[in-house]
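Structure first, commentary second.
Quick note: the coordinates plus some simple rules give every number you see, no bench work behind them. Here the structure is a predicted model, which is why all the values come from computation and not from measurement. Glycine also receives a Cβ, built like all others from the backbone with ideal geometry; neighbour counts cover every protein chain displayed.
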Amino acid sequence: MLVEDDRPLASGLKKALMSQGFTVNHVETGKAALHVLATDPPDLVVLDIGLPDLSGLDVLKTLRRQGLMVPVILLSARDSVDDKVVGLDMGADDYLAKPFDMTELVARLRVIERRLNKLQSNRITIGAISLDTAEQRLWVNNEEVELPRREYMLLKNLMENAGRVQTRGVLESRLYSWGEEVASNALEVHVHHLRKKLGTDFIRTIRGVGYKVAAQ
Ligand code: CA
């Protein structure tokens with residue numbers, strides 16, 4: 001979830017993050033952010049401090065008080081040491097002062113993502129399949145294979161959670177941002193295409209539930 005009231009900045013961030021394989025849901029106010037956190041909790045929050053209603057710091061304080069441990073990266077217009085210290089003390093996982101480089105935000109998101117998935121590096125290898133989540137590249141038997149964005153996102157989610165079944169609902173929410181059209185058979189189609197590239201056994205169908213990739 002991206003919480004940012006500056007629309008041009010938000011739309012630039014959204015575009016850049018989506019091109020890096022993230023699904024981005026955007027809200028513009030602190031209250032909207034708290035509502036989403038309570039009803040449809042995201043995996044990660046990029047939270048601007050200067051919002052029109054509540055401050056991002058208030059949002060952070062509230063969500064931590066509610067016991068929500070979702071990782072938060074704060075964005076601040078000022079490079080204020082105070083904001084940084086207060087934010088980190090309140091339980092922010094990281095802090096970026098505007099203006100920042102997109103590549104830096106993405107790198108920091110990946111650090112948090114690796115920690116969430118208990119991974120040591122950006123390279124996940126399971127059997128003959130190897131995925132680099134920083135470069136968004138895939139190798140099958142040491143040969144590079146091109147993947148369209150959604151197939152990459154689906155495979156990444158399954159490999160990051162190898163050994164655990166991923167439900168259809170969870171996978172859809174990780175592949176599609178709010179407002180994006182999702183055909184009812186979209187997941188099946190992506191899985192079908194992936195199986196042609198990876199072999200039929202790599203992604204297992206768990207009937208009536210979802211999909212899974214076996215752990216190493
Ligand atoms: Ca702002």
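Using 0.36 nm times the number of residues separating A97 and R65, minus their current alpha carbon distance, what extension gain do you get?
Separation in residues times 0.36 nm, less the Cα-Cα distance, equals 9.1 nm.
DSSP loop (so not H, G, I, E, B), at most 16 other Cβ within 10 Å: list which GluC sites (Glu not before Pro) in the range 95-140 pass both filters.
For GluC sites (Glu not before Pro) across the range 95-140 that sit outside H, G, I, E and B with at most 16 neighbouring Cβ atoms in 10 Å, the list reads E135.
Of the listed pairs K61/K212; K31/K98; K61/K84; K15/K118, which have alpha-carbon separations greater than 24 Å here?
Where the Cα-Cα span goes over 24 Å, the pairs concerned are K61/K212; K15/K118.
Let's see if you can work this out: charge +1 on each Lys and Arg Cβ, -1 on each Asp and Glu Cβ, no other charges. What is the dipole magnitude of the range 2-116 about its Cα centre, in debye to the nearest 20?
260
So what is the relative contact order for the chain, in percent, with contacts set as C-alpha pairs under 8 Å and at least six apart?
15
DSSP loop chymotrypsin sites (Phe, Trp or Tyr not before Pro) in the range 128-216 with at most 14 other Cβ atoms within 10 Å of their Cβ, which ones?
Of the chymotrypsin sites (Phe, Trp or Tyr not before Pro), the ones in loops of the range 128-216 whose Cβ has at most 14 other Cβ atoms within 10 Å are W178.
Given a Förster radius of 22 Å and the C-beta distance between V85 and V111 as r, what FRET efficiency does 1/(1 + (r/R0)^6) yield to the nearest 0.05?
0.65
Select from Y95, V165, I49 the residue farthest towards the positive end of the dipole of the chain; place +1 on Cβ of Lys and Arg, -1 on Cβ of Asp and Glu, and compute about the Cα centre.
Final value for the positive-end residue is V165.
Give the range of the longest stretch in the chain that excludes all trypsin sites (Lys or Arg not before Pro) found in loop regions by DSSP and having at most 16 other beta-carbon atoms within 10 Å.
Between the exposed loop sites, the longest stretch runs 1-77.
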